[in-house]
Each structure stands twice: as structure tokens, then as C-alpha cells.
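Quick notes on the structure that follows.
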Amino acid sequence: MKKYVWSGLAIGLASVLISGSILAATGKIKIIVNGTELTTDTSPKIEDGRVLVPISTISKALSVGVSWDPKSKSVKVDSKPNVLNDDLSALYTSYADARDVIAEYFSYYDSKKDGYQALVTDQFKSDFVDPQKIITSNDEPILDYKIIGGKYNGTLEELVQYKFRVEVIRFIDVNKGAAKVAKIQLDFNLKYDINKGKYLIDGIYKASKEELINSYTVFTGLTFRDEQR
């Protein structure tokens, strides 16, 4: 559900008033940021003489992070969000190689078969899995995942390095007989190994806290729900 914020609030919207404008004409309210009109899922509206706009739309346009805390019923805005949005178009077809090593990791993560050691560097580190074991039989099964961002991490010593952010949906508490669905974002640090001629995973780190979700739709006709929530 879209959250609304009063136009008088300083969080994010002040930047819109400086760098853009909110226009009302013929009953339709337009949101224009830096000369670009934004498309919103929920239309802005006027209430009691004030303009209400979807804060998530404004935040994305300004590259500002925003989240909803249902417990405190608060909208939290981070002016310095932890986002990865580099232009990695230069990767071109080699992106498939980087993507495939991440896909291989998750395949091994679920199957627990041997061979995953070949996917990581000798210096592999992680705060998501045991960096010594890489994958264990206790790791919870993955339901779905998608790459949502990337950043170039190369140095003069090692030019071909990238960080890819992956949103992961997985089951937790499976062994307790009451599996729940949770979401977490992970950062995969990849390095290209010239000798092996492929990308290797140098690290996997948590980019967000893991949170329980009420439901997750893999595709139309396949939705997992937490019936207890």
C-alpha cells in the first residue's frame, strides 16, 4: 500500500520543491522532479487544502531510501540510502557470466551437493554463511531471488570486480515444523579469475535485515502465505 506524506514535511519533499514542482491543472496533479514528470501507481490528491503525494515515488526519483515501520506506524526516510545503481552497461554479455555464478551458488545452497567450493575465492568472507564451510546442511531453502542492483568495485590491482545486490526470498524455521517466508538483501562481491577464466565469489554480506513477509507470489497461481500472521 502506498504511503502518503504531507507536502509540508521536510523529508524528501523539500528537495522536490527546490529542484522540481508540483502542478495542479484541470483536476490532475502532476509531480515533476528535475524537469521529468513522474508516473505513480497512486494518484496525488488534495485534502484540506494540502497536496498529498506518494512518498515512495518521490524518494525513488531523488535516490532517497524510504521504508514503512508497521509497528510504530512510521515512514522512515534515509537521505543516504545503501543502494547500488552504477551503470554497468559495459558488462554486456559478460553479465551473464556474473549472473550465472550467483545462480550456481543458490543451486548448491539448496541441493547441498559438493562442488560449491569451486565457486569462491581462497579469501572468501561472509556474514551470511559460515565463511569456512560456505554452505551447510542447516541453511534454509531458497524460494526465489533476483538481482536488483550492481556496482563496479575494481581497483588498480584487480580491475574486474563487481558487487551485485540480490533480493532473496527464503523459508525459515523449516525444521521447527512451521516454515515462514522471509526476505533479505545480500551483496555478492565477484572477482574475475584470469587463470580460471570465470567470475568467483569473494564475499557474501547482508545488505539488509531479514524480515518476515505475509506472502510472496512467485508467479500467477503460485503464492506462498504465512497463515499464522
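The values are calculated or read from the model by the stated rules, or taken from the named source; none is laboratory data. What you are looking at is a predicted structure, and each value in this text was computed from that prediction instead of being measured. Cβ: placed from backbone, ideal geometry, glycine included. Neighbour counts: every protein chain shown. Side chains are part of the model used for accessible areas, which takes the heavy atoms of the whole protein and leaves out ligands, DNA and RNA. Shrake-Rupley method; radii C 1.70, N 1.55, O 1.52, S 1.80 Å.
So if R0 is 35 Å, what FRET efficiency would Ser43 and Tyr95 give, r being the distance between their Cβ atoms, rounded to the nearest 0.05?
0.45
Using a probe radius of 1.4 Å on heavy atoms only, what accessible surface per residue do you get for region 129-200? Whole Å² is fine.
Ligands and nucleic acids excluded, the figure is 54 Å² per residue.
When the Karplus curve 6.51 cos²θ - 1.76 cosθ + 1.60 is applied with θ = phi - 60°, which whole-Hz ³J(HN,Hα) does each residue of region 42-58 get, with x for Gly and Pro?
10, 6, x, 8, 9, 9, 6, x, 10, 8, 10, 10, x, 5, 5, 5, 4
Over region 182-229, what is the relative contact order in percent, taking alpha-carbon pairs closer than 8 angstrom and at least six residues apart?
Reported relative contact order: 34 percent.
Under 21 Å from the Cα of Lys76, which lysines turn up, not counting those fewer than eight places away in the same chain?
Here the lysines satisfying the reach criterion relative to Lys76 are Lys2, Lys3, Lys60, Lys183, Lys206, Lys209.
Check Val51: other-chain or 5+ apart residues with amide H under 5 Å from its amide H, H built from backbone geometry?
Ser7
Tabulate in residue order the Karplus-calculated ³J(HN,Hα) for region 195-200, using 6.51 cos²θ - 1.76 cosθ + 1.60 with θ = phi - 60°, rounded to whole Hz; enter x for Gly and Pro.
5, 8, x, 7, 7, 10
Given the Cα-Cα distance of Phe219 and Thr136 and 0.36 nm per residue of separation, how much length would full extension add, in nm?
27.0 nm
How many nm is it between the label spots at Glu211 and Asp86, if each spot is 7 Å from the Cα in line with the beta carbon?
For the pair Glu211/Asp86, the computed spacing is 2.7 nm.
Going down the list Lys112/Lys196; Lys125/Lys163; Lys163/Lys198, which pairs span over 21 Å between their C-alpha atoms?
Violating the 21 Å Cα-Cα cut-off are Lys112/Lys196.
Return the distance in nm (one decimal) between the two label points of a simple spin-label model at Lys30 and Glu167, each offset 7 Å from Cα along Cα→Cβ.
3.0 nm
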